[in-house]
1. After finding the eigenvalues of the alpha carbon gyration tensor for the range A:119-229, what semi-axes result from the square roots of 5 times each, listed largest first in whole Å?
2. Given the C-alpha atoms of the range B:3-253, compute the convex hull and give its volume per residue in Å³.
3. When Cβ neighbours within 10 Å are restricted to other protein chains, what is their mean count per residue of peptide A:58-69?
4. Below 8 Å between Cα atoms, with a sequence gap of 6+, how large is the relative contact order for chain B in percent?
5. For the range A:1-128, what are the per-bin percents of Cα-Cα distances with bins 5 Å wide, up to the bin holding the maximum?
6. Can you list the residues, at least 5 places off or on another chain, whose amide H is less than 5 Å from the amide H of B:Leu272, using H built in the peptide plane?
7. What nm distance separates the two modelled labels at A:Val288 and B:Asn211, each placed 7 Å from Cα along Cα→Cβ?
8. Given just the C-alpha atoms of the range B:88-164, how large is their convex hull per residue in cubic angstrom?
Amino acid sequence: MSKTNPVSKISDLPEESKFRPGHRLCAGCGPAITVKLITLAVPEAVIVNATGCVEVGTTIYPYSAWKTPWVHVLFQNNAPVASGIAAALEKLSAEGRAKKLPVIALGGDGATFDIGLGAISGALERLDKIIYLCYDNFAYMNTGIQRSGATFLGVATTTSPAGKVIPGKQENKKDLIGIVASHHIPYAATASIWLWRDMVNKIRKAVNYSEQGPAFIHILAPCQFGWRYEPRLTVKVSRLAVETRLFPIYEIEDGQLKINYRVSKPVPIEEFLKIQRWTRHLLDPKNVDVLQRLKAWIEWNWQRLENLEKAGKVF
Amino acid sequence: MMTEALARQHRIALTGNDAVAYAVKQANVDVISAYPITPQTFVVETLSRYVNDGELNAKFINVESEHSALSAVIGASLAGARAFTATASQGLAYMWEALYAASGLRLPIVMALAARALSAPINIHNDHSDFFGMRDAGWIMFNGEEAQETYDLTIMAFKIAEDPRVLLPVVVSYDGFIVSHAITNFYALNDDVVKEFLGVRTTGPRIDPDNPRTFGVLALQDSYFEFKRQQYEAMENSRQVIKEVFQKYEEISGRSYAPLKEYMTGDAETCLVAMGSTVGTARHAVKTLREAGEKAGVVGILQYRPWPVKEAEQLFSRFKRIIVMEKVMSPGARAGPVYEDIAATIYPKHSEVKIIDFTYGLGGRDISTQGIIEIYKKGKELIDKGKTDRVYFHGVRGE
């Protein structure tokens, strides 16, 4: 595998993506944009996809949207399948029996935050030479918008509805990168499809780091169907999630956390919540407590990241 | 054994687990992934040692669970590697959904199973609950009676799995502790002989950027059934391939294998059926029974899937009485799985043959020669009285 260099403009990317049109993902699908950017960032790779929207929407037999080797096995095992492929390709390529390729494990937040977390931890601990990319749309969308460990406080999903007594999810979002970085792997980062250049360059950086061990990127990929906003707003929503400090953009390299997109004057979270039907109930005065808790968590999380950044090489 | 065949091998004393590890080393596997579980653990310990001592050039992936062990092996196999895993009991149960993925993806994976009871209550000793739990997972299933068979089957398993007419995973089971931990003498082929017999893996799926394929598609109402039917046909094809591999293996080793192992069945009227280490004890029991004038015989099941339909019909239709001994419980069923296979094979065509089913040895409860003689006598008597409409239990309180 050759080193990949950063890009600065769109024309630095290949003209054609190996993720082809004709797939059955929704209009305005954040994960579809994510996948297209991944294949543009890394033109030749094997993608190991966990069960989820991207998997079911792109490979309905006899069709496939993939012009790069692609594998799906189960829901919670994309990391160990990727580990097996990476180990095999390393062994076989050394004997001239296969071509070595970057191995990308791709999974949604359900596969990554929840059901596959133990298996991911195993792959990270072993320092397996894989790239793990999580496309986070904040809930189980493929099964119909159920809450996951990635759903933030107050969100109304089909398993955490905005009920008369309990107004949406009562727990905060899991600190995925905190867990990942605690394995002290070479590279971990967050990205948003809105900041496409940052995201592409992080993926390319991750590929380079995967020569040494695992690299992990947590990508914000909104779902218009689940979040219930107009499909044309996907990139705007991705932007608002960053600019409200709900989804901070940072990376951890050589143990040092660095905030890559500093939000000095955050947009009020209400701006983000009001354009989505699954969070609009949080603006109802009767749910002001939840809104206050959410705001406090967002600020606490941002402060925590700034403190970690200042603390030096703590990962 | 012929001198020619002897020259191709060496005598060695190892436990069943180490015999498997030795076969896997000689098979030159590319990738191993496993998780420790009693009584299989020594397989992966020995293989780790082979890898770390440089005796085996393979990647060993030390995973955090059996689910991931089979998943890593699935990934490696998809990439074109010869891949191996080993497990037992809860580990196999934890792999369950991946078992179906491995066979559905048509991957020539080989797995060793040191057969052990399933929880609850937790028990580390031998029975065949784990083995039969994967009955319909689409794997070719063998059962080794002792170290020699287990070693030979492990080597042959790679040849069978990788045959382009088959491309299915193979499990080689052997009784936990009784076989896995007992040191016995057996003949092992020389390294170069195994190398020539197996070569490197060249068949089956392969991840290749120059020919990018999509593996593990979503197949809906219009195509899923055809995928499964092809899998069924691959299992059917394996019958002939297994026969050929047994034949080829006999040519190099001098050891002859058949799906069903017969002992004193020629003129037998009453036949015991068993699987695993019990088969040897049953032979001893039959010898004793013969001395007492009984026309007794034993059939040991070596190849469970594909079920040897033709051989079984030919063989079992000859007897007056069949007494099936099963180290597995199938609550709510008419009988245990082996009984059901035999009955489905010979009925209604050979309705004069009477079958009875005994569950024995669960959780490692010992079975002795005397115990088998008791089963034989009781089984014969119950059949003659026509009392075959339930499963009987041997060696349990309250029966």
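Read-outs throughout are calculated quantities, based only on the coordinates presented, and are distinct from any laboratory measurement. What you see is a predicted model; the values in this text were computed from it and never measured. Neighbour counts are summed over all protein chains in view; Cβ atoms, including those assigned to glycine, are modelled from backbone coordinates with ideal geometry.
1. 30, 16, 10
2. Convex hull of Cα atoms, per residue: 123 Å³.
3. Numbers: counts 3, 6, 6, 10, 5, 3, 6, 1, 3, 3, 4, 12.
The shielding value for this peptide is 5.
4. Working: 828 pairs, mean separation 65.2, N = 399.
Taking the mean separation of contacting Cα pairs over the length of chain B, I get 16 percent.
5. With a bin width of 5 Å, the distribution comes to 2, 10, 18, 21, 20, 16, 10, 2, 0.
6. The answer is B:Gly297, B:Val298, B:Val299, B:Ile323.
7. Here the modelled spin labels are 6.8 nm apart.
8. 79 Å³
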